[in-house]
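S.K.: What follows is a single structure, and I will ask about it in a moment.
The values are calculated or read from the model by the stated rules, or taken from the named source; none is laboratory data. From a predicted model like this one, the values you see are computed outputs, not experimental measurements. Cβ coordinates were reconstructed from backbone atoms using ideal geometry, including for glycine residues, and neighbour counts include every protein chain displayed. These accessible areas exclude ligands, DNA and RNA; they are computed on the full protein's heavy atoms, side chains included. Shrake-Rupley method; radii C 1.70, N 1.55, O 1.52, S 1.80 Å.
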Number of protein chains: 2
Amino acid sequence: MELRAVGTVESPLTDLASAPKQGDEGAPEAWLVFDERVADALDGIIAGSDLLLLTWLDRADRDVLRVHPRGNPMNPEQGVFSTRSPDRPNPIGLHRVTVVSIDGLRLRVRDLEALHGTPIIDVKPLLKGIEER
Amino acid sequence: MELRAVGTVESPLTDLASAPKQGDEGAPEAWLVFDERVADALDGIIAGSDLLLLTWLDRADRDVLRVHPRGNPMNPEQGVFSTRSPDRPNPIGLHRVTVVSIDGLRLRVRDLEALHGTPIIDVKPLLKGIEER
């Protein structure tokens, strides 16, 4: 099961300590820069689209199984599968973002807390209600 | 970027043709069977938990970039990043499931459309509103 990056995040966020824990907690706008070879996969995404972005959190510790949620020692330890900790066996980031504008292979998005240089592995639309599918 | 399975899906669903396209479209109950080595990561998950399950859709075609949504030739072709097609460069399945019961390393869940034998790669809680985090 080998992931291949399909693009990269360009963001003013460069270190974990200053990054918000979630995108809706004050994350700046960022660019999603896609590889030319997946250009066809972007067809249908428009400004205003709400997307789920999947990334590879390449600075995470894959050996961590329990954490204090939100890095706060006052919170009792929990298994990582019931937290959004980036440290986990397969450090896949799941981010809900909104497309602000599009420039070819570059999507400008808001509400992304991923760090500069984070590999992009997938993009999915939000799932609509059954009646609208 | 090498994924390591942390468990496997046990489901009555064994072939793509008969599986629902989404979990809330009539999927049967299934078991998530986790590896002993990630037991600690499960701590905090209880019956009734709503989870996001990430799987590796091992029967997908990774070379597909455009599809007719929902496999219906009447739907105009779109890039896979604006569809939930399993065929995509990194075939990661994202499933919203509810835990029905727990038996050690086995979680019984409902609303899972993944096929029997699908590798599990991650589990995350649904993100709560900002005030509740």
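S.K.: Given H placed 1.01 Å from N in the peptide plane, which residues other than close sequence neighbours of residue A:66 have an amide H under 5 Å from its amide H?
M.R.: Here A:80 satisfy the definition.
S.K.: Please state the relative contact order of chain B as a whole percent: Cα pairs under 8 Å, 6+ residues apart? Before the final figure, lay out each step's value.
M.R.: Values: 279 pairs, mean separation 53.3, N = 133.
40 percent.
S.K.: Then there is this: Quantify, in whole percent, the carbon and sulfur part of the accessible surface of the protein assembly as shown (1.4 Å probe; protein heavy atoms only).
M.R.: On the way: 6130 of 12390 Å².
Of the solvent-accessible surface of the protein assembly as shown, carbon and sulfur hold 49 percent.
S.K.: Now for a separate question. Determine the per residue accessible area of region A:22-121 with all protein chains present and a 1.4 angstrom probe, expressed in square angstrom.
M.R.: Values: 4260 Å² over 100 residues.
That works out to 43 Å² for each residue.
S.K.: Another question about this same structure. What lysines sit close enough to residue A:128 to cross-link, taking a C-alpha to C-alpha distance under 21 Å and skipping anything fewer than 8 places away on the same chain?
M.R.: Cross-link targets: B:21, B:124, B:128.
S.K.: Shielding by partners for B:90-97, please: the mean number of other protein chain Cβ atoms within 10 Å of each residue's Cβ.
M.R.: Values: counts 13, 3, 9, 1, 7, 0, 1, 0.
Whole-number average of other-chain Cβ neighbours for B:90-97 is 4.
S.K.: Kirkwood Rh over alpha-carbon pairs of chain B, then Stokes-Einstein at 25 °C and 0.890 mPa s: what D in µm² s⁻¹, rounded to an integer?
M.R.: Details: Rh = 15.7 Å.
The calculation lands on 156 µm²/s.
S.K.: Counting protein heavy atoms only and a 1.4 angstrom probe, how many square angstrom of accessible surface do chains B and A bury in total, to the nearest 100? Walk me through the numbers on the way to the answer.
M.R.: On the way: alone 8560 and 8570 Å², together 12390 Å².
Result for this pair: about 4700 Å² buried.
S.K.: Taking each residue in B:73-80, count the Cβ atoms of any other chain within 10 Å of its Cβ, then average. What number comes out? Walk me through the intermediate numbers first.
M.R.: On the way: counts 0, 0, 0, 2, 3, 7, 9, 9.
Average neighbour count from other chains, rounded to a whole number: 4.
S.K.: What net charge is computed for the residues neighbouring residue B:85, neighbours being all others with C-beta under 10 Å from the C-beta of residue B:85, Lys and Arg scored +1, Asp and Glu -1?
M.R.: Details: positive: A:124, B:21, B:66, B:70, B:84, B:88; negative: B:61, B:87.
Charge balance in the 10 Å sphere: +4.
S.K.: Here's another thing I want to ask about it. What are the GluC sites (Glu not before Pro) within region B:24-57 that DSSP puts in a loop, where the Cβ has at most 15 other Cβ atoms within 10 Å? Numbers along the way, then the final one.
M.R.: On the way: sites: B:25, B:29, B:36; in loops: B:25, B:29.
Within region B:24-57, the qualifying GluC sites (Glu not before Pro) (loop, at most 15 other Cβ atoms within 10 Å) are B:25, B:29.
S.K.: Same structure again: Over the whole of A:116-127, what's the average partner chain Cβ count within 10 Å per residue? Rounded to a whole number, please. If you can, show how the numbers build up before the last one.
M.R.: On the way: counts 0, 0, 0, 1, 2, 6, 8, 7, 10, 6, 1, 6.
Mean inter-chain Cβ contacts per residue within 10 Å come to 4.
S.K.: Could you tell me which trypsin sites (Lys or Arg not before Pro) in region B:27-104 are loop residues by DSSP with no more than 13 other beta carbons within 10 angstrom of their beta carbon?
M.R.: B:59, B:62
S.K.: What's the magnitude of the charge dipole for the protein assembly as shown around its Cα centre, counting Lys and Arg as +1 and Asp and Glu as -1 at the beta-carbon? Answer in Debye, nearest 20.
M.R.: Values: 32 positive and 44 negative charges, 33 e Å.
So the magnitude is around 160 debye.
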